[in-house]
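The values are calculated or read from the model by the stated rules, or taken from the named source; none is laboratory data. Small disclaimer: the values here were computed from a predicted structure and weren't measured. Cβ: placed from backbone, ideal geometry, glycine included. Neighbour counts: every protein chain shown.
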Amino acid sequence: MSVSVEPTTVEAAEAVVEEPAEALRPHAEDAFAGELAALAAQDDRPRPARWKLSPWAVATYLLGGTLPDGTVITPKYVGPRRIVEVAVTTLATDRALLLLGVPGTAKTWVSEHLAAAVSGDSTLLVQGTAGTPEEAIRYGWNYAQLLAHGPSRDALVPSPVMRAMAEGMTARVEELTRIPADVQDTLITILSEKTLPIPELGQEVQAVRGFNLIATANDRDRGVNDLSSALRRRFNTVVLPLPESADAEVDIVSRRVDQIGRSLDLPSVPDGVDEIRRVVTVFRELRDGVTADGRTKLKSPSGTLSTAEAISVVTNGLALAAHFGDGVLRAGDVAAGILGAVVRDPAADRVIWQEYLETVVRERDGWTDFYRACREVSA
Amino acid sequence: MTGVEGGAGRVAGGGPLLLGVRHHGPGSARAVRAALEAARPRIVLIEGPPEADSLIPLAAEEDMRPPVALLAHAVDEPGRSAFWPLAEFSPEWVAIRWALRHEVPARFIDLPATHTLAWGRDGRDEPVGEETDGTPDAGSGGADGHASAPLSPSAPSPAPPPASEADVRVDPLAVLADAAGYDDPERWWEDVVEHRGTGERDAFAPFVVLEEAMGALREVYGTGGHERDLVREAYMRLQVRAAQREFGDAVAVVCGAWHVPALREKTTVAADRALVKGLPKVKADMTWVPWTNRRLARVSGYGAGIDSPGWYGHLFSAPDRPVERWMTKVAGLLRDEDRIVSSAHVIEAVRLAETLAVMRGRPLPGLGETTDAVRAVMCEGSDVPLALVHDRLVVGDVLGEVPQAAPAVPLQRDLDRIQRRLRLRPEALERELELDLRKETDAGRSTLLHRLRLLGVAWGEAVASWGSTGTFRETWRLRWEPELSVRIAEAGVWGTTVLGAATAKAEADAVSAQGLAEVTALAERCLLAELPDALPVVMRVLADRAALDADVGHLAQALPALVRSLRYGDVRGTDTGALAEVAAGLAERIFVGLPPACVGLDADAAEEMRRHVDAVQGAVALLAEAPPAGDPAADRPDPDLRGRWHSVLRLLSVRDTVSGILRGRAVRLLLDEGELAQDEAARLMGLVLSPGTPPAEGAAWIEGFVGGGSGGGMLLVHDERLLGLVDAWLTGVPAEAFTDVLPLLRRTFSAYEPGVRRTLGELVRRGPGERASATAAGSAPPGFAPDLDMERADAVVPVVRLLLGLDGGSRGHVENTDDDTDDDRDDKNLAGVA
């Protein structure tokens, strides 16, 4: 499964980039142009209007596979097949798709590749923030034109969504729940009536077939603008899960830690895998509310404890070990980081953490040093 | 005979109409109904135990509602039993109902249960109870159960094969599905058979195709590891021949598809007779019992079951547009649970499911597609409402019913036998029964009564009197009401023996219990009813509940009951290792959670928390003691438990934000345990009673320290320093504050024994000045002195040691004083002696 540190932009760092292009990070449709072309060439199944590939080919593009002529399609998303199938089918049925998940579950990554495979263009993107204005979703005005020539289509600055409607493409909205509620609501008419009125001109832009919208949202953060039920029901929702197995997660963490360490010029620290495995185990156990052997239930703390956070705990520990320790990643180096990640709410989470320490960690074989280190920083 | 002609084309050379089915397959059921309508046979033969022939007419009764099961049990040994469950959509059920409606005889033709039950006895010594039901199929995946085992072959598991044999068994569906390129046999079967409406096509076509496929399989695999099938098939062939002699070729046979090639085979009568000769026998009896969808579902451990009885029932009963109707049902359920689901949601869900089916190359949306669609459209991607849909609709809450006329259940027989053995006759007259648990018969009676109570059969009611007479004595008030027989019939759904049924019921109760205390109480009852097999489940549920319960109060309430159970377990010689482990874990969680929970409480909450602290103190003292000899060392509670409890108390005693009553109590407990020096206790008391602390707080502290019938009065009598502190504080309380603290103080001191109160009063009247010289003057009240009279105290020690069986050490003293103050003193000493 692809997981990245930041929810929005860095995910592509996970990508297996075929040919390094000029840009620091090429778009999906450029980076995987070869695969997309091969798929399109051999795709003989029916395609919905203005789709570059058939739904089956889109699913293959995301999940990977080998084409009849031997072209190998690399997997873009490693995870349950069901999720990709539902996502692609949703787009094919003309419904908007909402990708939900905690930070670091490759929501943006999936949405970008879906758009690239379906429309061949992943750049029709609205970045959602608390300051996203209505213009970003509908249209704005070129004020020089407006003043000089009065309202006309020439003076209109279309939003990515408007362009997607006009051209029958896939638009993307990132971090939908960060957009203020009144701005979110502009999407309702677009998604249900498939039209965008321009009252100033007495005109409208009608979506042509092939238009669709993929939104991503973080379902864990507090204080976000929850979607109104009117908007919500215009979306089919797919929740992207956290990595399924501990091994997969350890792998993701080690790989990312290695990459980050190199880019930050941290001194290399050997043999951190055991400690990484321990961090991942702690995170997974607390997140899932059950121990790895599935025998003891646990309370879950309020924090997200995503893979991304595990990565930052380990990176921190590495820095500590390299600069202040003996160069080997030890329990003490990660203990403080774990405490910080787990105990977000000083009252409730601390109890949960201590309970975990006393009932699970203390009795686990080979975890004595970790238990001591944690006791030290928790005290 | 036109019907038979219509079907003649299906089989070259005529012969009986063989309808191979998958048990519990709605598609099969529909196909069977269509085939019977088309063929109009004069007799219907069904794979199932022939002893049940006489029960078939009951299926036509008004109050017979599937799911039901045919239950066969050995008459002398009700625990040896087998079930043949039938749902509304079971092909066998459809065949029975069709025969009854058209007044055509229906017969069961499988090997009689009298033999299949006896097979179990040969294989193993232990009775094959309901718990092991269906294991032969479980070993090879449920699909086998559908295709070949269903209504009887191995489903009634009287004879679970050894595991190794199960491994080599062939799952015919899996082989066929694999050949078709499916990884999931269930899905393949659904696509190929269940989701194809019979429509206008030839009603017999599906059976011909399936027979060919099974024939090819059996050519390759033979019996596929189901050796006993040969015998069963030989018996079935004999029965079919007999029917043919009677009715000609107008005979229809409904059996597992796996058996069809074997029934078609031409063998000699003599060879078949030889196969079924000399089989072991056991006297068997049959009846109908109600069944539930949940037990049809594989999750409940019934091997030949199906994942989704509710979904299958829907497929069977929906006249058309099954997906649309299903989505509407789901929407209805979600609306009832206050989720907003509009018709637009239903429309979109249907569209998504259908497109998904196309995407996955399936003819119709199956359960997988509809579930994905429901999740994405109606549940906003969440699995929580989806779990509800699964529970209520996919599995379903359907409970079957059987008519009153159905023969008695084996549970009643088992109860009769136990009652005879224990010489405990059911009498309508109320009477009291004293039981001495040290006697075997009495212990058996007590166990029986406890088990029946668990099953909701309130024959006996425990009377409280035994509480004071020790743990080996119980008093029951017995009264047999006629409706208890009905209760027993109802409890028959849980099992065929009192033990088995009570175990199953206890497990089910544990899983559905609401609160932690409920589970703890259940654990206690399991011990009393001697249900060791139910304990692991109850303990697991208990551990899970405890882990998730954030309220320390709940945990603290649960702990004493657990510890009490431990003690009963000791008396009855039950293995309580698991219990001790859970109790220790519970204590650990309390230690962690207690300090934060004691902060910022009002007076009432603090008082309640004080009771919890006391309860934990008592429980920890018992837990920390080594369990009776014979327990493996690994099961012993952590010897350090007491130490950690003390550090929790120490934390409580010095934390200012903890309310006074709790701080006082913590100090007192530490003092009693010898963990706190008297000087230190006095210092802490002085701190609290100094002018800086509000008087109400000080009074609360005193209440915690010496109140609540904990022998605090004696402490004050003996330690004049403490008494002096209280005295000085009390006289220093300002007049306006005095009225505030007065009720609290009155409550504290009025609980003392009159003698203690008087002595205290005398000591105070004498005043602090005189007290120092009291000893010298000899004016102290008899038996009391300002300081301990070590000589007189020592004289008692040997007797106390003898009573407690201690070899000495100062620990004995401390504990002893503590125990004397404890309410459970009697029980504890008895436990120590026992």
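Of all residues in the stretch B:328-342, count the ones that are within 14 Å of chain A (Cβ to nearest Cβ) and touching a residue at least 12 places away in the same chain (Cβ under 8 Å). Outline the logic, then answer.
In the first step, residues of the stretch B:328-342 are kept if they are within 14 Å of chain A (Cβ to nearest Cβ); the result is B:331, B:334-335, B:338-342.
Remaining after also requiring touching a residue at least 12 places away in the same chain (Cβ under 8 Å): B:331, B:334, B:339, B:341.
Total satisfying the criteria: 4.
Considering B:D307, B:D320, which residue is surrounded by fewer than 20 Cβ atoms within 10 Å (Cβ to Cβ) and over 36 Å from the mean Cα position of the chain (by Cα)? Outline the logic, then answer.
Numbers: B:D307 fails: over 36 Å from the mean Cα position of the chain (by Cα).
After ruling out the rest, the residue left standing is B:D320.
Every residue, every condition in (1) modelled with pLDDT under 75; (2) within 20 Å of B:G686 (Cβ to Cβ); (3) of a type in the set (S, T, N, Q), yes or no:
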| position | (1), (2), (3) |
| --- | --- |
| B:L730 | no, yes, no |
| B:R746 | no, no, no |
| B:A751 | no, no, no |
| B:A777 | yes, no, no |
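Step by step: first the residues of the stretch A:284-300, then only those that are more than 10 Å from chain B (Cβ to nearest Cβ) and surrounded by fewer than 17 Cβ atoms within 10 Å (Cβ to Cβ), then the one that is modelled with the lowest pLDDT. Which residue is that? Walk me through it before giving the result.
From the stretch A:284-300, those more than 10 Å from chain B (Cβ to nearest Cβ) are A:284-288, A:292-294; that's our starting set.
Subset that is surrounded by fewer than 17 Cβ atoms within 10 Å (Cβ to Cβ): A:288, A:292-294.
Working: A:D288: 83, A:A292: 81, A:D293: 79, A:G294: 75.
Ranking the candidates gives A:G294 first.
Starting from residues that are surrounded by fewer than 16 Cβ atoms within 10 Å (Cβ to Cβ) and either touching a residue at least 60 places away in the same chain (Cβ under 8 Å) or more than 10 Å from chain A (Cβ to nearest Cβ) (or both), keep the ones in the stretch B:343-357 and report whichever is farthest from B:W188 (Cα to Cα). Steps first, answer last, please.
From the stretch B:343-357, those surrounded by fewer than 16 Cβ atoms within 10 Å (Cβ to Cβ) are B:343-344, B:347; that's our starting set.
Pick out the ones that are also either touching a residue at least 60 places away in the same chain (Cβ under 8 Å) or more than 10 Å from chain A (Cβ to nearest Cβ) (or both) and you get B:343, B:347.
Numbers: B:S343: 32, B:I347: 27 Å.
Among those that are surrounded by fewer than 16 Cβ atoms within 10 Å (Cβ to Cβ) and either touching a residue at least 60 places away in the same chain (Cβ under 8 Å) or more than 10 Å from chain A (Cβ to nearest Cβ) (or both), it is B:S343.
Tally up the residues in the stretch A:301-349 that are part of a loop (DSSP other than H, G, I, E, B), surrounded by fewer than 18 Cβ atoms within 10 Å (Cβ to Cβ) and free of Cβ contacts under 8 Å to residues at least 40 places away in the same chain, please.
Count: 5.
Could we say that A:T304 is hydroxyl-bearing (S, T, Y) and within 22 Å of A:V102 (Cα to Cα) here? Break it down into steps so the answer makes sense when it comes.
Details: hydroxyl-bearing (S, T, Y): yes; within 22 Å of A:V102 (Cα to Cα): yes.
Spelling it out, A:T304 is indeed hydroxyl-bearing (S, T, Y) and within 22 Å of A:V102 (Cα to Cα).
Which ranges mark the helices (runs of 4 or more DSSP H) fully within the stretch B:688-737 that have 1 or more residues being within 52 Å of the chain's Cα centre (by Cα), in the same structural domain as B:S750 (by TED's automatic domain parsing) and charged (D, E, K, R)? Walk me through it before giving the result.
Values: elements: B:695-706, B:712-718, B:720-732.
Where helices (runs of 4 or more DSSP H) fall fully within the stretch B:688-737 and carry at least 1 residues being within 52 Å of the chain's Cα centre (by Cα), in the same structural domain as B:S750 (by TED's automatic domain parsing) and charged (D, E, K, R), they are B:695-706.
For (1) over 19 Å from B:E47 (Cα atoms); (2) without any contact (Cβ under 8 Å) to a residue 40 or more places away in the chain; (3) in contact with a strand residue (DSSP E or B) (Cβ under 9 Å, 6 or more places away or on another chain), each residue gets a yes or a no:
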position	(1), (2), (3)
B:V209	yes, yes, no
B:L217	yes, no, no
B:R241	no, yes, no
B:F247	no, no, yes
B:V251	no, no, yes
B:V254	no, no, yes
B:K277	yes, yes, no
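Kindly provide the set of residues from the stretch A:202-246 that are farther than 18 Å from A:S159 by Cβ, modelled with pLDDT of 90 or more and more than 11 Å from chain B (Cβ to nearest Cβ), ordered by number.
A:G202, A:R209
Which count do you get for residues in the stretch A:353-375 that are in a helix (DSSP H, G or I) and either within 15 Å of B:V582 (Cα to Cα) or not aliphatic (A, V, I, L, M) (or both)?
Residues meeting the conditions: 14.
Going by what's in this entry, would B:A106 be described as at pLDDT below 85 and under 30 Å from B:K283 (Cβ atoms)?
no
I'd like the full set of residues that are within 14 Å of chain A (Cβ to nearest Cβ), in contact (Cβ under 8 Å) with a residue 24 or more places away in the chain, part of a helix (DSSP H, G or I) and not hydroxyl-bearing (S, T, Y), limited to the stretch B:358-410.
The answer is B:L367, B:G368, B:A373, B:V374, B:A376, B:V377, B:M378, B:P385.
Residue-wise test of (1) touching a Pro at 6+ places or on another chain (Cβ under 6 Å); (2) at pLDDT below 80; (3) not in a loop (DSSP other than H, G, I, E, B).
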position	(1), (2), (3)
B:E432	no, no, yes
B:T441	no, no, yes
B:G444	no, no, yes
B:T447	no, no, yes
B:H450	no, no, yes
B:E481	no, yes, no
B:E490	no, yes, yes
B:A501	no, no, yes
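Across the stretch A:53-95, which residue is surrounded by the fewest Cβ atoms within 10 Å (Cβ to Cβ) among those that are basic (K, R) and in a helix (DSSP H, G or I)? Reasoning before the result, please.
Kept after step one, since they are basic (K, R), are these residues of the stretch A:53-95: A:76, A:81-82, A:95.
Adding the requirement that they be in a helix (DSSP H, G or I) leaves A:81-82.
Working: A:R81: 12, A:R82: 16.
Within the stretch A:53-95, the match that is surrounded by the fewest Cβ atoms within 10 Å (Cβ to Cβ) is A:R81.
Give A:A144, A:A116, A:A155, A:A136 a once-over and let me know the one that is surrounded by fewer than 16 Cβ atoms within 10 Å (Cβ to Cβ) and assigned by TED's automatic domain parsing to the domain that holds A:D43. Talk me through it step by step, then tell me what you get.
Numbers: A:A116 fails: surrounded by fewer than 16 Cβ atoms within 10 Å (Cβ to Cβ); A:A155 fails: surrounded by fewer than 16 Cβ atoms within 10 Å (Cβ to Cβ); A:A136 fails: surrounded by fewer than 16 Cβ atoms within 10 Å (Cβ to Cβ).
None of the other options fit; the residue is A:A144.
Quick check: is even one residue across the stretch B:595-605 more than 25 Å from the chain's Cα centre (by Cα) and among the charged types (D, E, K, R)?
To start, the set of residues in the stretch B:595-605 that are more than 25 Å from the chain's Cα centre (by Cα) comprises B:595-605.
Now drop any that are not among the charged types (D, E, K, R), which leaves B:602, B:604.
Checked the stretch B:595-605: at least one residue is more than 25 Å from the chain's Cα centre (by Cα) and among the charged types (D, E, K, R).
Give the residues of the stretch B:519-552 that are within 12 Å of another protein chain (Cβ to nearest Cβ) and more than 13 Å from the chain's Cα centre (by Cα), sorted by residue number.
Step one: list which residues in the stretch B:519-552 are within 12 Å of another protein chain (Cβ to nearest Cβ), which gives B:536, B:539-552.
Residues satisfying the conditions are B:A543, B:D544, B:R545, B:A546, B:A547, B:L548, B:D549, B:A550, B:D551, B:V552.
Find the residue count for the stretch B:70-96, including only residues that are charged (D, E, K, R) and closer than 19 Å to B:A250 by Cβ. If you could, list the steps in order and put the result at the bottom.
Residues of the stretch B:70-96 charged (D, E, K, R): B:76-77, B:80, B:88, B:92.
Subsequent filtering for residues that are closer than 19 Å to B:A250 by Cβ retains none.
Number satisfying all stated conditions: 0.
Is it fair to say B:V457 is touching a residue at least 24 places away in the same chain (Cβ under 8 Å), under 24 Å from the mean Cα position of the chain (by Cα) and within 26 Å of B:R294 (Cα to Cα)?
Yes, satisfied.
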